[in-house]
Structure formats: C-alpha cells, structure tokens
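Engineer: Attaching a single structure in structure tokens format; questions to follow.
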Amino acid sequence: MSVELFVTDKAGLTKFYEAIISKNETYAPVEKFGKYDFKRVSSFDACNPDAPIAQTMSAKPLFFPRSAKIMKYTADHSGTSVKETDEDSLAGKRVILGMKHCDARALQVLDKVYNWDYIDTDYQRRRENTVIISARCDKAETHCFCTSLDYDVEHSDAMDVAIVNGTDGKVFIEARTEKGKVFLKEMNIEQRISNNEFQVTDETAPAAVKQQYEAFAASFRLKMDYTEVNARLSKIFDSPEFENVSANCISCNTCAFVCPTCHCFKISDEKVKDTGVRYKSYDSCNNGYFTLMAGGHNPRPVKYRRWRQRALHKFVYYKERFGENLCVGCGKCTNSCPVNISIFEVVKQVSETVSV
Amino acid sequence: MMCRIDKVIQETPDIRTYRLKFKEEGIMERFNWLPGQFVEFSLLGSGECTFCIASSSTRKESFDCSIKRAGIVTADIHTGLDEGDEVGIRGPYGNWFPLEDLKGKNLLFVGGGIGLAPLRSLIQYCIDNRADYKDFTILYGARTSADLCYKDEIADWRKDPSLKVILTIDKPEETWKENVGVVPKILEEVVKPVVANTKVITCGPPIMIKYTLLSLDKLGFAPKDVITTLEMKMQCGLGKCGRCNIGSTYVCKDGPVFTYEQLKKLPDEF
Amino acid sequence: MDYTNQIREIASKLFAEGKIDVFVGYRMTGFDENQVPALIRDPNEVSKLVFTDKSVFNLTNYLKQDHTRNKRIGMVVKGCDSRALNLLLTESQVKRENLHIVGIPCKGVVDENGNKMQNCIECIFPNPVVFDEMVDGTPTGSEAPPYQVNTDIQNIAAMDLVERRAYFEEVFESCIRCNACRHSCPMCYCAKCCIDQETSTLYHGANTTSSAFHALMTWSLHLAGRCVDCRNCEKACPSHLPLHLLHKWNEQVIYENFQEHLAGVHEGDRGAFYKYSMKDPDDFIM
C-alpha cells in the first residue's frame, strides 16, 4: 500500500477538522466530568481529537455498543411477532476523529473474532461505513505499552487517515488505506492544496515522520517482549502466582468494560407487558456469575481463576486461536482500575515465575 | 424462528420434555441436525437458554428438548409454557457425535440424569440405522427412580433384544428391583464392558463424568474411544460471546462433543 | 503525611508476635507514583508496605474477600475507613477479635493530579473512630468540625424536581454499568446484589440511561444512612460520575431528619432506619 502524505500546520488541520465535521456524521472525544467519550459532534469546539489516552474511553462502543438492541418483539394472545430493531447507529457513513493508534488497532484484533464462522453483520456494516482518522501520539503516557505488542505502530493501517505532529508546528496527514485516499479526495484535498492550506510533501517528509515515530517509541518506559510472555504464560496454567497477583482485585468489571479488545457479552431480555426488547450488552469474565450455570456448577468459582482466564485469554488463548494478542497496550484498564492494578505488571510478574 | 409446542411430557418432577414443531410450513423439512447438536431456546421476556436436541433427525416430524428446572429461565419455561404456546428457536449449533467413527463398533452409552438427553438423540439415530452398528449397551443412572427420564422409551428399548439396558439409582428404594449404586461403580461391577472395538459415549452431571472417565481409564478404554458432551455456560452459540471458552476452545463451535483425548489437552476448567 | 516506617514496624511486630495471618496495607505499583492495596501474608514482604497521601483506597473493602475471610487481619485505616469498619462490625460482617486495626491520623489524601480530595477537605472525622493502636502513638483528639452541607449538594437542592431529574439523567447517561462503584464500596457486601447484572431480575443489565438511573438510585438508597463518604465509588468510576451527590444528598436528609445520624461514627450504632423516635419527621415521605 503506497502512502499519500501531505503536510499542513495547526490552523490547516483545524480547518480540515471543521470541514469534516460539517460534511459528515462525525464522532470525536467529548469531555464530561473530566473524561472523554466518543460522541456525535457538530462543531470542532465541542470536541478534542487530541484528548489523552488515560482520560479517553475507547471508541469500541461505536462498533460494538455497550448495549445493542438485537430484536424487538410483541407477544400477546394473538401470537408472537418478532422484528429486527431499527438501530440507528447501523445507518450510514460516519467519520471518527481522534482515535488513537491502539484503539484503532483493537478493531483489527476484534475483526478476527467477529469474522470467523458466523459473521456479525452489524459489526461489519459499522466497520465498513466508518472512516477512522487517528491522532497519533507524540509521547507515551504512564501506562502505555503499545510498542511492546505484535503490531507495527509505525506503519499501522488500522486507521484510514493518520495525523502525525511533526516538528516546527508541522502536521502530516497520511492516507493509510484506499478508503482513506478516497475520503481525502472527498474532502477536497486538491482544492486545499491549491489554497495552500495543504502542501504536497517532498522526499524529506517520510524521514521527518519516521523521526517523529522514533522519538515517540523512545518515550516508552514499559517494555516487554511479547513472544516471550506468550511462551511463558502458555506454560503456567497451574501457577500459584495467579492467586497472589489477583489478591487485591475487587472483581469489578471496569477493566473489561473500558478495554478496546474485550468482546464478551451477555444477552438479556427486557419485557414490559406484551412487548419486549432483547439486548446484547457488555459482560466480563471477572464477574463471578459469568460462567455460573443454572444447575449451580461454576467452572471458575474463585477470583484467581477468573483473573487467570482474563490474562491467558489476552496473551495465550486468543493468540492460539486467532494469531493476535488480545491486548493493544493502551493502558486503559490500568488507568481505570479502582485499585491501580496494572495488567502489564501482573503479566510480567506472573511470567517471570517460569523459565522459557 | 418460532416454534409451537406440540406436546409436553413431564419426565420427572423437575424435567419436562417439550416436543416442538416450527410454526411456519416448510422449515421443519429444512431443519437438519445431527445427534449432539444444540439449539438456543428462547422464551421471550425471560431470556435464552441452550439445550441439546434430545431426539434424532431420523424422526423428523418434530424435535424434542428436555429441560430441567434449574435457573431463572428454565423455571419460567416450566411454569409458563404449555402445549400450543410459542417459543423462539435458533440453531442447530455446535458439533455432533463422530457418526462415521462409530460405524461398525460396539456402542456403550453411559448417561446420568438429564445427561441422557443428548445420548437419546444418538441412540435413536443408531437404532434407526441399526445395521451400521454392532452391540448396544445403555447404562443409565439417576439419583432416585423418580428422576429417571424417558421411562416409556426405555421400556420400548428393553423390548428390543439387541439392546442391553441397565438402570441404576444412587440409593436403595423399596420398590426398586434393579441396580443400586452410582454410575461409575455399576459400570465397573455390573456392566464390565468389552474394551475391544467399543466406543463409549457419556454424558451426565460434571461429577459423574469425572468419575466415569476415571473408571473407563481403569477398565482400559483408550481416551480416543471415549466421547462426551460438555456442559458449559453458553449464550450466543456463535463463537462470539466468549462465555464457553475453555482455553482457546469455543465449546459452542468446537464442541460440545469432545473425546476424552481432546479434553485432556484442555485446561482444567470445566 | 508519611507513615511508611511506622507501618512497616507495626506489621513486622504483629507478624513476629503471631497475632495476624495477613496484613492489609498499601504498596507502590512499581511503575508509577500510585499505590495498590497489598495483602501481605509473608512477613518478609512487610518492607513493601507504604503509607502516604496517595494511600487512597478504603481497605475495609477487602474484609469481604476470600483472602481475608476468617483470617486474623492487620489493617490500616484512615478516619473514613474506620467508620466503614465500625459499621461492618455492627452489622456482624467481621469479628472484632480477628482484627488488629492500625489507625492513621489522616490529613487527607490526594487524587491523581495531586490535589486534596474534596471529601478530605470537608472531612469531619480525620481520626479513626475505632482502632487498636495509632501509628503515631495517641490520637490527636482534635475536635471534629461541625457538619456542613456541601456546596454542590446545595446546588442540587436549589434545582426544582424537573431540573434535578434532567441533571441526573445527564449524569447517568455516561454510566457504562460496569458496577465498579458497587464492587469498590466497602459497605456493599450482599452476595447477590439487586443492581448487579446476571443474577438480578430487576435490572437485566442492558446499558440504557434508564437502567443506569434506576440501578444507581436503588443502590444509593440501599446505602442511605450507611455511606461513610470514603468515595471509593467515585474514584472507581471509569466515567468519573459525581456519585457522591447521591450519597451526600441522602446523608444530609438523614442527618437533618434522624437525630443527626452519621454512619459508623459510634460503635454499635446500627443506622438511621433502626432507630425510632416519636420525633422523627414523616413529611419527606411521599
């Protein structure tokens, strides 16, 4: 995939964002109580595409809603009728601004599970209809470790258009996919070039982008070798260490709910009189009821077993099944954890108890 | 797809068999399943539950689900559903018993309680293709005589001289004239199965499966000749919701039918 | 505020004397300046313990877990934590003889940006109300400032009902129903919670604003007269919802109407709804 690279400045970028918002159904991080969540925006002032990762919720709900109506039904004496819901978010083309690398990458990981065997058409339609414009990070935050995982952060095509801050107030705009190129055309890139808002880049630009990436990669404090972690974790199902590391977990579901790659859900009904809705909502393996069966049998009755499932699903099982780690190193779980448990620390600590 | 309940059979105090037919014409003909597969049974307003199909596709005018009253949805099913009512059915999902591998073999079925339901589908299938298989032995146990399912059908099986049916209950009862003792014990002491050219198919409560597998090991069955169906909490049946994961295995897609050999390779979480 | 050395000494002493099986305190996360709760079972790991103004989480939450159940526990408590502990003792959730409580004369803890937490600024019980020993010997015994109503509660009170409803709908719209609030609450120990998904028949767990509204309102009413204002819930909330508004509102209503009741301040005080007086008002009941 060849890359289209343009350069502009802060003002040009703002104009570009404004144009996107006015012409498209746009979603971007919107602040509320000091936390950013991706919401529909109608003006650039309302959102902040450069919101820090720690304070931003994942954009996952735009593809896999926290609670989706999967069907509606009426059941009365005359019989039962079921209809598919008119879920609006399935609708048309939309653009997401300010999605971070890791968050966009998570969707590629999720594609694997949603597109094997039964294909989740709702998810797929949302994926196809969405143009992702990422804001690339300049510097790693406290809990970030995306560069330690199995994807090429530098050349990721998880986003359609990547925005990279250069030095001297330069901003690079890079179309990473065909969809991104088409989108830039739609946004009158040529006119912007003739207006001098955007400039076509010369041959030094890729080097400047690369340099920017290298500075970014150098800012990481948390580093691990994921192949080693995969190998070690796959051997320690019976390790007593899981009990130690999970001791201070309070079994809330926050880590899974904020995780951009967690995809477990539950199906529940809500019925009032004769009409009802069936929902598909987030669920978490940290929840004690997750695998509790009606007869009372629970294969994971205690906390450390659930924790082990979570850690191993992320770093062993998903890898075995779909070839990817079910973790993108965004650190959202650690940021949101009520007791500051770090998945990075736990995985490291557990894996260090065995030799390769 | 909506189904109408054709018949309700009260098997035991807490197990009912629901005989279902698709409401819409023509779906029943197209609805094909193999023994071991399951459906998602939904009672609108209460939720969905996973049940195996307890009858064989060789008897296709309807299909059965045997449901034990255990949780919220099953309680609602028991109290709320009767003949003529409608339920939603999705499926069939999951894998099936390795029918090809069973051909030309002696079959030993070991069932406990509601665990006879998936076996019944296979037993019916094998009876209807009797020529393909050799000797049949069915060992079936329950806590009490009242907890034995499919009593009428078992009586029919007994009329067939080529089927050997052995029943057992856990504790002695006054009127009970057959075996007393837990399934693994009877398996070792009474059934004493021939190991050569025999496949064992077992299903029951987790604790029974656990000890039955140990007994079979002791009797000399190779793990690859022991087939079981797993119980695991499921919700979507589509390999998405992540509930039924055991290691990297999705029980709803790669199972519920596993050989003991396969189970040994899975993490110990079932 | 740094009692790290004192706490390490006390914990070592308790282990050496064989008085405890597990010590519940705080340790550094190992990669940033934040702290994680630590359940120390090995006397050699006592040196991991710390206590500073970053020691935020109310540790009494751990009394309901498998790791501490029926064990002899040493535990660090701040003022608000001790009120929770007092209530748990009153409600027979823990046995007093199993506990060795190390009290902290708390000067307030700080949030992730280093600012003093709002509840600490308004705190009227910085010193533990129940303890076996204080880290610095004796409690300062300073007089508690009088109870006062927060400004944000006053703001809510100033709204009419329609406005108030609209405001809370706006708040609950951001709820993701992860139930971290309930799980981090030291006073929530029900094995099956009415707002918790899966077991609940009232709230099926669909994440809609109305279900969040009902779940959180019900939850806050179950904590009315029991909330000790430690704000574990608010700190746990991934959406940063101002959950204290619900609890402080209840606290204020109960304080004003039920003989100035504050949760967990006195040992054996079972709570507002257990005390009956002819003088109790009934005009706030619909």
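Engineer: Among the residues of the stretch C:164-189, which ones are in contact (Cβ under 8 Å) with a residue 12 or more places away in the chain, over 16 Å from C:THR218 (Cα atoms) and of a type in the set (A, V, I, L, M)?
Structural biologist: Across the stretch C:164-189, the qualifying residue is only C:ILE176.
Engineer: Could you tell me which residue of the stretch B:197-211 is farthest from the other protein chains (Cβ to nearest Cβ), considering only residues that are buried (at least 24 other Cβ atoms within 10 Å of the Cβ) and under 28 Å from B:GLU40 (Cβ atoms)?
Structural biologist: B:ILE201
Engineer: Among the residues of the stretch B:175-193, is there at least one that is within 18 Å of the chain's Cα centre (by Cα), within 14 Å of another protein chain (Cβ to nearest Cβ) and assigned to a helix (DSSP H, G or I)?
Structural biologist: No, the stretch B:175-193 contains no residue that is within 18 Å of the chain's Cα centre (by Cα), within 14 Å of another protein chain (Cβ to nearest Cβ) and assigned to a helix (DSSP H, G or I).
Engineer: List pairs: first in the stretch A:263-283 and on the phi > 0 side of the Ramachandran plot, second surrounded by fewer than 24 Cβ atoms within 10 Å (Cβ to Cβ) and not aliphatic (A, V, I, L, M), Cβ under 9 Å, 6+ apart or cross-chain?
Structural biologist: Between residues of the stretch A:263-283 that are on the phi > 0 side of the Ramachandran plot and residues that are surrounded by fewer than 24 Cβ atoms within 10 Å (Cβ to Cβ) and not aliphatic (A, V, I, L, M), the close pairs are A:LYS273/A:ASP76.
Engineer: Let me ask another. Looking at the stretch C:273-285, is at least one residue in contact with a His (Cβ under 9 Å, 6 or more places away or on another chain) and part of a loop (DSSP other than H, G, I, E, B)?
Structural biologist: At the first step, the residues of the stretch C:273-285 found to be in contact with a His (Cβ under 9 Å, 6 or more places away or on another chain) are C:275.
Now drop any that are not part of a loop (DSSP other than H, G, I, E, B), which leaves C:275.
Checked against the condition, which is being in contact with a His (Cβ under 9 Å, 6 or more places away or on another chain) and part of a loop (DSSP other than H, G, I, E, B), the stretch C:273-285 yields at least one hit.
Engineer: For the subset of the stretch A:288-333 comprising residues that are assigned to a loop (DSSP other than H, G, I, E, B), touching a helix residue (DSSP H, G or I) at 6+ places or on another chain (Cβ under 8 Å) and within 22 Å of C:ARG182 (Cβ to Cβ), which member is farthest from the other protein chains (Cβ to nearest Cβ)?
Structural biologist: The extreme case among them is A:GLY288.
Engineer: Within the stretch C:243-271, can you find the residues that are surrounded by fewer than 16 Cβ atoms within 10 Å (Cβ to Cβ) and not in a helix (DSSP H, G or I)?
Structural biologist: Correct list: C:GLN259, C:GLU260, C:HIS266, C:GLU267, C:GLY268, C:ARG270.
Engineer: Select, from C:TRP219, C:TRP249, the only residue that is over 19 Å from A:ASN286 (Cα atoms) and in contact with a Cys (Cβ under 8 Å, 6 or more places away or on another chain).
Structural biologist: Details: C:TRP249 fails: in contact with a Cys (Cβ under 8 Å, 6 or more places away or on another chain).
Exactly one residue qualifies, and that residue is C:TRP219.
Engineer: How many residues are touching a Ser or Thr at 6+ places or on another chain (Cβ under 9 Å) and at the interface with chain C (Cβ under 9 Å from one of its Cβ atoms) if we restrict to the stretch A:233-250?
Structural biologist: 1
Engineer: Show me the strands (runs of 3 or more DSSP E) entirely contained within the stretch C:1-104 in which 3 or more residues are surrounded by 15 or more Cβ atoms within 10 Å (Cβ to Cβ) and touching a Ser or Thr at 6+ places or on another chain (Cβ under 9 Å). Steps first, please.
Structural biologist: Details: elements: C:22-28, C:35-40, C:73-77, C:99-103.
In the stretch C:1-104, the matching strands (runs of 3 or more DSSP E) lie at C:22-28, C:35-40, C:73-77.
Engineer: Name every residue in the stretch A:146-171 that is in a loop (DSSP other than H, G, I, E, B) and within 30 Å of A:LYS319 (Cβ to Cβ), in order of residue number.
Structural biologist: Filtering the stretch A:146-171 for residues in a loop (DSSP other than H, G, I, E, B) gives A:149-160, A:166-169.
Those that are in a loop (DSSP other than H, G, I, E, B) and within 30 Å of A:LYS319 (Cβ to Cβ): A:LEU149, A:ASP150, A:TYR151, A:ASP152, A:VAL153, A:GLU154, A:HIS155, A:SER156, A:ASP157, A:ALA158, A:MET159, A:ASP160.
Engineer: Determine the pairs where a residue that is under 13 Å from B:CYS241 (Cα atoms) and within 14 Å of chain B (Cβ to nearest Cβ), located within the stretch A:116-130, has a partner that is surrounded by fewer than 14 Cβ atoms within 10 Å (Cβ to Cβ) and modelled with pLDDT under 85 with Cβ atoms under 6 Å apart, the partner being 6 or more residues away or on another chain.
Structural biologist: Note: no pairs meet the criteria.
Engineer: Of the conditions (1) modelled with pLDDT under 85; (2) away from chain C (no Cβ under 14 Å), A:ILE70 satisfies every one except a single condition; which number is it?
Structural biologist: (2)
Engineer: Within the stretch B:85-116, work out how many residues are over 24 Å from B:GLU24 (Cα atoms) and assigned to a strand (DSSP E or B).
Structural biologist: 7
Engineer: Next question, about the same structure. Cβ-Cβ below 8 Å, separation at least six or inter-chain, first residue in the stretch B:79-97 and more than 24 Å from B:VAL251 (Cα to Cα) and touching a residue at least 12 places away in the same chain (Cβ under 8 Å), second surrounded by fewer than 19 Cβ atoms within 10 Å (Cβ to Cβ) and not hydrophobic (A, V, I, L, M, F, W, C): which pairs?
Structural biologist: Short answer, once both residue conditions are applied: B:GLU83/B:ASP6; B:GLU83/B:LYS7; B:GLY84/B:ARG4; B:ASP85/B:ARG4; B:GLU86/A:GLY79; B:GLU86/A:THR80; B:GLU86/B:ARG4; B:GLU86/B:LYS23.
Engineer: Would you be able to say whether some residue in the stretch A:250-265 is hydrophobic (A, V, I, L, M, F, W, C) and touching a His at 6+ places or on another chain (Cβ under 8 Å)? Walk me through it before giving the result.
Structural biologist: Within the stretch A:250-265, the first condition is being hydrophobic (A, V, I, L, M, F, W, C), and the residues that meet it are A:250, A:252, A:255-259, A:262, A:264-265.
Cutting the leftovers down to touching a His at 6+ places or on another chain (Cβ under 8 Å) gives us A:250, A:252.
The answer is yes, given that some residue of the stretch A:250-265 is hydrophobic (A, V, I, L, M, F, W, C) and touching a His at 6+ places or on another chain (Cβ under 8 Å).
Engineer: Could you check A:LYS139 against (1) at pLDDT 90 or above; (2) away from chain B (no Cβ under 14 Å) and say which number it fails?
Structural biologist: For A:LYS139, the failing item is (1).
Engineer: Scan the stretch B:57-68 and report the pairs whose first residue is within 14 Å of another protein chain (Cβ to nearest Cβ) and whose second residue is in a loop (DSSP other than H, G, I, E, B) and of a type in the set (D, E, K, R), with Cβ atoms within less than 7 Å and a gap of 6+ or a chain change.
Structural biologist: Once the first residue is within 14 Å of another protein chain (Cβ to nearest Cβ) and sits in the stretch B:57-68, its partners that are in a loop (DSSP other than H, G, I, E, B) and of a type in the set (D, E, K, R) give B:LYS68/B:ASP14.
Engineer: Being at the interface with another protein chain (Cβ under 9 Å from one of its Cβ atoms), in contact (Cβ under 8 Å) with a residue 24 or more places away in the chain and aromatic (Phe, Trp, Tyr) is the filter here; which residues of the stretch B:218-270 pass it?
Structural biologist: Passing the criteria: only B:PHE270.
Engineer: Scan A:GLU174, A:GLU203, A:GLU197 and give me the residue that is crowded, with 19+ Cβ neighbours inside 10 Å, more than 19 Å from the chain's Cα centre (by Cα) and in a loop (DSSP other than H, G, I, E, B).
Structural biologist: Details: A:GLU174 fails: in a loop (DSSP other than H, G, I, E, B); A:GLU203 fails: crowded, with 19+ Cβ neighbours inside 10 Å.
From the options A:GLU174, A:GLU203, A:GLU197, the qualifying one is A:GLU197.
Engineer: Since C:GLN118 meets every condition but one in (1) at pLDDT 90 or above; (2) within 30 Å of A:THR142 (Cα to Cα); (3) not basic (Lys, Arg), which condition does it not meet?
Structural biologist: Condition (1) is where C:GLN118 drops out.
Engineer: Next question. From the list C:ASP53, C:ASP81, exactly one residue is in contact with a helix residue (DSSP H, G or I) (Cβ under 6 Å, 6 or more places away or on another chain) and of a type outside the set (Lys, Arg). Which is it?
Structural biologist: On the way: C:ASP53 fails: in contact with a helix residue (DSSP H, G or I) (Cβ under 6 Å, 6 or more places away or on another chain).
That would be C:ASP81, the only listed residue that is in contact with a helix residue (DSSP H, G or I) (Cβ under 6 Å, 6 or more places away or on another chain) and of a type outside the set (Lys, Arg).
The values are calculated or read from the model by the stated rules, or taken from the named source; none is laboratory data. Treat the numbers as computed from the prediction; the structure is a model and nothing was measured. Ideal geometry is used to build each Cβ from the backbone, glycine not excepted, and the neighbour counts take in all protein chains shown.
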